[in-house]
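The values are calculated or read from the model by the stated rules, or taken from the named source; none is laboratory data. Quantities reported herein were computed from a predicted structural model and do not represent experimental measurements. Here the Cβ positions follow ideal geometry from the backbone for every residue, glycine too, while neighbour counts run over all protein chains shown.
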Amino acid sequence: MVEINLTTVKLLWLGAVLLWAPPLGVFAQPSNPQTTPPESAVAPPAFSAWLGKYPMSFWTKTRSANTVGKDHISFSLKMQYFDYDKVMDSSGYYQGLGEDNKAMFSSVLVTKYGWARDHHLALGIPYIWNNSEINNNTFNNNGLGNILIFEKWNPIKETEYTPAVAFDVWHYFGTGNSTRKVGSDDYAWKFTTEISKAWEGFSVHLNPGYLIGEGRDCDIVEANAAVLFKPWETFWPGLEYNYMHKETKGNCQDLIPGFIWKVVPKASIKLGAVINLDSSMKYKDEVSVVLKLFYKF
């Protein structure tokens, strides 16, 4: 397997930004641009009301380029239930679990603090419950997963014709337990980019990412995206897509139709159905449910 060092990852990461940002900017250009008037006749720019009007994150993995705002604090609680119904046999085909069962409930509490303009720091604390019975062996474990922190910087602001771009650096602590199936004993670093562009009535968001694990053959490539529609003032339907390739483990692709309900101006409820499109992991859950609660101070 080809080894990828940190310098190569940074170049790939920057290349992803350069690859995605120009097409979005071109797509947003007006079809009949007008000649620029004399400088004395140019009025101060008036940006459309919908620019930047989208949440910081969506249902499972996709995020926008927005930050929480200087001196603001937010809390979110994400809960997802997995009820695995397929297992891959020795021939590489999925079969039903039969009399066996395998389930997991995952929760992540995340708080974000805007310590400077266009920056925020985040702390995430995951907790996982396992409940399985495989080959007459019962496996009921729960515990703390990999605590994470990340810094987000939004240096490129959205305009009428170009997208906003933000960068994240994540660190996962080795607070999980691989034997108990509650995260990993190893630490990891992740580098991601958020690219967001809004038009009247909808917005598009793209997230390339790369995770570097402490152990061998445990790096992860991610490609996440979302489209959010805003037909109503406080109720927004949308779609999220997640792709993940994990070394030695396989690939996974999910599609999440869902909605965001702005209960009050600073609080929201996000509910989605995680539909597995394709997977080469050992266990497969064809449909799971995700719920996220959010509040901003």
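Brief remarks on what is shown
- Counted residues, segment 61-80 - those being outside any loop (DSSP other than H, G, I, E, B) and of a type in the set (D, E, K, R): 2
- Positions within segment 197-237 being in contact with a Phe, Trp or Tyr (Cβ under 9 Å, 6 or more places away or on another chain) and on the phi > 0 side of the Ramachandran plot, in sequence order: GLY201
- Segment 102-125, subset under 16 Å from the mean Cα position of the chain (by Cα) and small (Gly, Ala, Ser), residue farthest from GLN80 (Cα to Cα): ALA122
- The strands (runs of 3 or more DSSP E) found entirely in segment 180-297 that carry 2 or more residues being free of Cβ contacts under 8 Å to residues at least 60 places away in the same chain and surrounded by 14 or more Cβ atoms within 10 Å (Cβ to Cβ) are 188-199, 202-213, 220-229, 235-246, 250-264, 267-279.
- Matching option when the condition is modelled with pLDDT under 95 and not polar (S, T, N, Q), among GLY250, GLY258: GLY250
- Count of residues meeting criterion [aromatic (Phe, Trp, Tyr) and either buried (at least 18 other Cβ atoms within 10 Å of the Cβ) or without any contact (Cβ under 8 Å) to a residue 12 or more places away in the chain (or both)] in segment 149-177: 4
- Residues in segment 129-141 that are part of a strand (DSSP E or B) and either out of contact with any strand residue (DSSP E or B) (no Cβ under 8 Å at 6 or more places or on another chain) or modelled with pLDDT of 95 or more (or both): ASN137 alone.
Let's see how each residue does on (1) at pLDDT 95 or above; (2) of a type in the set (Asp, Glu); (3) not in a strand (DSSP E or B):
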{"site": "SER48", "(1), (2), (3)": "no, no, yes"}
{"site": "TRP59", "(1), (2), (3)": "yes, no, yes"}
{"site": "PHE82", "(1), (2), (3)": "no, no, no"}
{"site": "GLU99", "(1), (2), (3)": "no, yes, yes"}
{"site": "SER107", "(1), (2), (3)": "yes, no, no"}
{"site": "THR111", "(1), (2), (3)": "yes, no, no"}
